Amino acid sequence: MSEKKHRVSRRQFLNYTLTGVGGFMAAGMLMPMVRFAVDPVLRKGVDQEMVAVAQVDEITEEPTRVNFKIQQVDAWYESEEPKTAWVYKNEKGDIVALSPVCKHLGCTVNWAGDKNNPTRFYCPCHDGLYEKDGTNVPGTPPMAPLDGYVQEVKDGTLYLGKAKPRGGA
Ligand code: FES
């Protein structure tokens, strides 16, 4: 009696076999699709690290707007993202590269954009002000200094990377 219980009928055998083979084939077809869908997300972004933006000997003490583009790869999407920096040499001769993005609500700041503040960065959206070194002027809307670009000088050329917050008030 118990021997009969454990016997597998022809129908059951076919069911098991076809299910196993079908599952194996389905896995073979799905694996490449799953890999295609997930792989770019798991891979780290391949953002272009540093971009040549100016010759060091052409940088003056007056902040100058420099436009450049970075290559960005975001999962499946590749793009060229336009960037802007305010670049100048400070009184010590060090290069300063500031982001033009206002720390209040993200408008674009301009050097000497306000005739009453000819030696400051000015944000026209809500009259935000920053000192030449990017420090926000107390009493104006921005609550933090302008971000600074990661920078590197190689063979007389200035390279910029990502803009990073500098903390502060
Ligand atoms: S966005 Fe610049 S002051 Fe408001």
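Do we have Gln71 as more than 30 Å from Ala37 (Cβ to Cβ), outside the structural domain of Arg35 (by TED's automatic domain parsing), more than 16 Å from the ligand (Cβ to nearest atom) and polar (S, T, N, Q) here? It is false that Gln71 is more than 30 Å from Ala37 (Cβ to Cβ), outside the structural domain of Arg35 (by TED's automatic domain parsing), more than 16 Å from the ligand (Cβ to nearest atom) and polar (S, T, N, Q).
Starting from region 117-128, keep only residues that are closer than 16 Å to Met143 by Cβ, then list their pairs with residues that are near the ligand (Cβ under 6 Å from one of its atoms) and part of a strand (DSSP E or B) whose Cβ atoms are within a distance under 9 Å, requiring at least 6 positions of separation or different chains. What qualifies is Phe121/Gly128.
Considering Pro141, Pro118, the condition of being within 13 Å of the ligand (Cβ to nearest atom), farther than 28 Å from Thr157 by Cβ and part of a loop (DSSP other than H, G, I, E, B) is satisfied by Pro141 alone.
State all residues of region 121-138 that are in contact with a Gly (Cβ under 9 Å, 6 or more places away or on another chain), part of a loop (DSSP other than H, G, I, E, B) and within 11 Å of the ligand (Cβ to nearest atom); if no residue qualifies, say none.
If the condition is that a residue be in contact with a Gly (Cβ under 9 Å, 6 or more places away or on another chain), part of a loop (DSSP other than H, G, I, E, B) and within 11 Å of the ligand (Cβ to nearest atom), then Pro124, Cys125, Val137 are the ones that fit.
Identify, please: which residue in region 105-115 is within 13 Å of the ligand (Cβ to nearest atom) and part of a loop (DSSP other than H, G, I, E, B) and is, among those, surrounded by the most Cβ atoms within 10 Å (Cβ to Cβ)? Explain how you work it out, then say what you get.
Filtering region 105-115 for residues within 13 Å of the ligand (Cβ to nearest atom) gives 105-110, 113-114.
From the residues that got through so far, the ones that are part of a loop (DSSP other than H, G, I, E, B) too are 105-107, 109, 113-114.
Numbers: Leu105: 12, Gly106: 9, Cys107: 15, Val109: 25, Gly113: 15, Asp114: 15.
Per the stated criteria, the residue is Val109.
For residues that are assigned to a strand (DSSP E or B), within 16 Å of the ligand (Cβ to nearest atom) and among the polar types (S, T, N, Q), tally how many sit in region 74-104.
We begin by selecting, within region 74-104, every residue assigned to a strand (DSSP E or B); these are 74, 77-89, 95-98, 101.
With within 16 Å of the ligand (Cβ to nearest atom) added as a condition, the list becomes 84, 86, 98, 101.
Those still in the list that are among the polar types (S, T, N, Q) too: 84.
Residues meeting the conditions: 1.
Against the condition modelled with pLDDT of 85 or more and among the charged types (D, E, K, R), how does Arg65 come out, does it pass? Judged against the criteria, Arg65 is a match.
The values are calculated or read from the model by the stated rules, or taken from the named source; none is laboratory data. Computed from a predicted model, the values in this text were never measured in an experiment. We place every Cβ from the backbone using ideal geometry, glycine too, and count neighbours over all the protein chains shown.
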